[in-house]
Amino acid sequence: MVALILLAFLAIIIIAVIAIALYFISTQRSLVNLDELCKNALSQIEVQLNSRFDAVVALAKTAAKYAGHESETIIQAVQARGGNVGNNQTATPEVLNQQSDMLSQMMGRLNVVFERYPELKADSLYIEVQEGQKQYEENVRISRMVYNDTATKMNRMVRQWPSSIVASMLHFDVKDYLKVDDEKKKAYPDLDEAFKK
């Protein structure tokens, strides 16, 4: 009788150990999967930013035909700053935010040139590159959403119990989110103010 109780107790312990091991393996695989998805999403953003940079250079070269010295200075600045896009730094949310901000500043400088030369806006190359630029911006926006959604899932697993135990044992950390460009926030109308008028 005692042997039967001991055998049952041993079976319960073995089943519990197997269940814990299966949970640990399953959680580890989920964490690795989410971590890789985050890395992939950051890489996709970096690729899109590089393409966007190439479009900015093409726009600057198009402007050079009309604006002469003024746009040559912009091209040099774009190429000097753009040399850092994706080359020397690991893709992190902070680095990608800096690159995106830098590209937005360059586009702002180019837009000043475009406003001074209305005939430039009618140039077919300008129109084509501008359309490409808009597509790259949309691709970056979508890639940012994918990254932030994946980071949210990862952060939940890292912070919620009991998966947080596995995450801390395997050194998985909370992922940073990509921020929204402050200039783009300002571009949206304040609906409260609009409806007060």
task: Working only within region 143-159, note down all residues that are over 14 Å from D35 (Cβ atoms) and either in contact with a Lys or Arg (Cβ under 8 Å, 6 or more places away or on another chain) or open to solvent by 80 Å² or more (accessible area, probe 1.4 Å) (or both).
output: M145, D149, R159
message: Give me the residue from region 135-155 that is among the polar types (S, T, N, Q) and touching a residue at least 40 places away in the same chain (Cβ under 8 Å) and, out of that set, farthest from T27 (Cα to Cα).
response: N139
- request: For L178, work out the one condition from (1) buried (at least 19 other Cβ atoms within 10 Å of the Cβ); (2) part of a helix (DSSP H, G or I); (3) modelled with pLDDT under 90 it doesn't fulfil.
  value: (2)
query: Among helices (runs of 4 or more DSSP H) lying entirely in region 85-160, which contain 3 or more residues that are at pLDDT 75 or above?
result: 93-116, 124-159
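The values are calculated or read from the model by the stated rules, or taken from the named source; none is laboratory data. None of these values were measured; they are calculated from a predicted model. When we count neighbours, we look across all protein chains shown, and the Cβ atoms used for this are built from the backbone with ideal geometry, even at glycine. When the accessible area is computed, the model is the full protein with side chains, heavy atoms only, and any ligands, DNA or RNA have been set aside. Shrake-Rupley method; radii C 1.70, N 1.55, O 1.52, S 1.80 Å.
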